[in-house]
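Quick one: structure below, then a few questions.
The values are calculated or read from the model by the stated rules, or taken from the named source; none is laboratory data. Everything numeric in this text was worked out from a predicted model, so none of it was measured. Don't worry about glycine lacking a Cβ; one is built from the backbone with ideal geometry, like all the others, and counts go over all protein chains shown.
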Amino acid sequence: MSAILPGSTIGFLGGGQLGRMAAMAARTMGYDVHVLDPEHHCPARPLASHVITAPWGDADAAAKLAEGADVVTIEIEQIPLPSLEAAERRAPLRPGPQVLWTVQDRARQKEWLRDHGFPLGPFAVVRTADETTAAVRSLGPCIVKSTHGGYDGRGQARVSEPADAAAAFLGIGAPVCVAERFLTLAAELSVMVARTPEGEMRAYPPARNHHTHGVLTWSVIPSSFDDAVVRRATEIACGIAEQLGVVGLIAVELFLLDDGLLCVNELAPRPHNTYHHSERACVTSQFEQLVRAVCGLPLGDTDVVRPAAIYNLLGEVWSGPDAPDITGVLGLPGVRLHLYGKREARAGRKMGHLSACGETSDMALARVVDAYKRIAAGTKGEVA
Ligand SMILES: Nc1ncnc2c1ncn2[C@@H]1O[C@H](COP(=O)(O)OP(=O)(O)OP(=O)(O)O)[C@@H](O)[C@H]1O
Ligand SMILES: [Mg+2]
């Protein structure tokens, strides 16, 4: 298979922050960038020589993006199959429609993982309020999650008692949900794997992640998990990448349970919030790695050169008439600011992140938490 060389055009289905940062890496390597996104002022717009504004379901628009590109990749997996197939007919879509179709439905994704022998927490697919009640009765306290369209904890409800299950299902308002047993987590981690069209694979060292109310707060690399956990997490993630046949990236979110067992939470076949620190920490960032993988170039070294952490900046920090001074922290040692160029700040919306490097993971994390606290002081931003 021949490589798609610098000077070629990469089409991105999705021009949010992931598309923007991947597009920056593509530009650095001498590629041209085209973008399709439903939002006119999408974060990747400044990087793209051509932007198509259209909804995900517009298969003609997806076809147009692919017509002008040498390869197409995605920053969001929730794109209807007809649009993916329309793109795939005109340019290689990496990862392919089959991978995205498998992953984009939470129930289908879990069933695929279970059928391929990957470890999962107990769950049930529920289609009615009564089925949800029965699931909570048999599984115990659950998180009920819509099968489609959820991200950052949206479309989810925690249910402690069977009596609350029906209202939770109806409140989510989705035709199908997954009820997952609420697990006691010792820690959360993720593993990013890149895979080329020839099947060459490289995994990054695991990242240690912290979520608040279902949304990623911070992430740090290296993770300081013991060798057995690192080995097992890497084996699970590489097994998934290989068996799914991913070309590009896949992030595997994992839960570490109290008894030391790992289970897969969910999959994201694209750059991931928990590897934004790879720009600071690793020889090759996840964004450059995506470009290399989808273009069939040799994959980059994933080693950590120095520990780094990120802390998300959500819309809360922007709220109120006076935006906080987000540049005030730039004098702190090791700290950098990454803004996504979003015009409107809304509660829960990812507006940017802070990153910090340090001599150890703990030091990097302490620096980024300190920087965040200074920004959040006087605002409603929550410190985890
Ligand atoms: N079964 C569970 N038991 C305990 N905690 C859970 C469970 N499911 C989810 N969580 C918590 O909620 C977080 C978000 O869950 P999940 O990844 O399913 O949501 P999401 O909306 O798809 O998130 P994102 O798109 O940000 O990854 C998890 O990282 C974890 O902290
Ligand atoms: Mg998640």
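Regarding segment 332-343, can at least one residue be identified that is of a type in the set (A, V, I, L, M, F, W, C), over 23 Å from the mean Cα position of the chain (by Cα), surrounded by fewer than 18 Cβ atoms within 10 Å (Cβ to Cβ) and not assigned by TED's automatic domain parsing to the domain that holds I74? Step through it out loud before you land on a result.
Filtering segment 332-343 down to residues of a type in the set (A, V, I, L, M, F, W, C) leaves 332, 335, 337, 339.
After this cut, where a residue has to be over 23 Å from the mean Cα position of the chain (by Cα) as well, the list is 332.
From what's left, surrounded by fewer than 18 Cβ atoms within 10 Å (Cβ to Cβ): 332.
From the residues that got through so far, the ones that are not assigned by TED's automatic domain parsing to the domain that holds I74 too are 332.
Within segment 332-343, one or more residues are of a type in the set (A, V, I, L, M, F, W, C), over 23 Å from the mean Cα position of the chain (by Cα), surrounded by fewer than 18 Cβ atoms within 10 Å (Cβ to Cβ) and not assigned by TED's automatic domain parsing to the domain that holds I74.
Let me confirm something: among D303, D259, which residue is surrounded by fewer than 21 Cβ atoms within 10 Å (Cβ to Cβ), within 16 Å of ligand 1 (Cβ to nearest atom), farther than 25 Å from G11 by Cα and of a type outside the set (A, V, I, L, M, F, W, C)?
Only one candidate qualifies: D259.
On the basis of being part of a loop (DSSP other than H, G, I, E, B) and either in the same structural domain as R202 (by TED's automatic domain parsing) or in contact (Cβ under 8 Å) with a residue 12 or more places away in the chain (or both), does R306 make the cut?
Values: part of a loop (DSSP other than H, G, I, E, B): yes; either in the same structural domain as R202 (by TED's automatic domain parsing) or in contact (Cβ under 8 Å) with a residue 12 or more places away in the chain (or both): yes.
The answer is yes for R306.
Same structure, new question: Does segment 193-201 include one or more residues that are over 30 Å from C357 (Cβ atoms), β-branched (V, I, T) and in contact with a Cys (Cβ under 6 Å, 6 or more places away or on another chain)? If you could, list the steps in order and put the result at the bottom.
Taking segment 193-201 and keeping what is over 30 Å from C357 (Cβ atoms), we get 197-199.
In the following step, the residues that additionally are β-branched (V, I, T) were identified as none.
Checking segment 193-201: not a single residue is over 30 Å from C357 (Cβ atoms), β-branched (V, I, T) and in contact with a Cys (Cβ under 6 Å, 6 or more places away or on another chain).
A follow-up question, please. Which ranges mark the helices (runs of 4 or more DSSP H) fully within segment 100-189 that have 1 or more residues being over 29 Å from A347 (Cα atoms)? Give the steps one after another, and end with the answer.
Working: elements: 106-115, 129-139, 165-172.
Of the helices (runs of 4 or more DSSP H) lying wholly inside segment 100-189, those with at least 1 residues that are over 29 Å from A347 (Cα atoms) span 106-115, 129-139.
Let me ask something else about it. Give segment 254-290 a look and list any residue that's hydrophobic (A, V, I, L, M, F, W, C), more than 16 Å from ligand 2 (Cβ to nearest atom) and outside any helix (DSSP H, G or I), or say none.
Answer for segment 254-290, where residues must be hydrophobic (A, V, I, L, M, F, W, C), more than 16 Å from ligand 2 (Cβ to nearest atom) and outside any helix (DSSP H, G or I): L257, L261, C282, V283.
Yes/no matrix, rows are residues, columns are (1) modelled with pLDDT of 95 or more; (2) under 18 Å from the mean Cα position of the chain (by Cα); (3) closer than 23 Å to I79 by Cα:
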{"residue": "L185", "(1), (2), (3)": "yes, no, no"}
{"residue": "S219", "(1), (2), (3)": "yes, yes, no"}
{"residue": "E242", "(1), (2), (3)": "yes, no, yes"}
{"residue": "N265", "(1), (2), (3)": "yes, yes, yes"}
{"residue": "T284", "(1), (2), (3)": "yes, yes, no"}
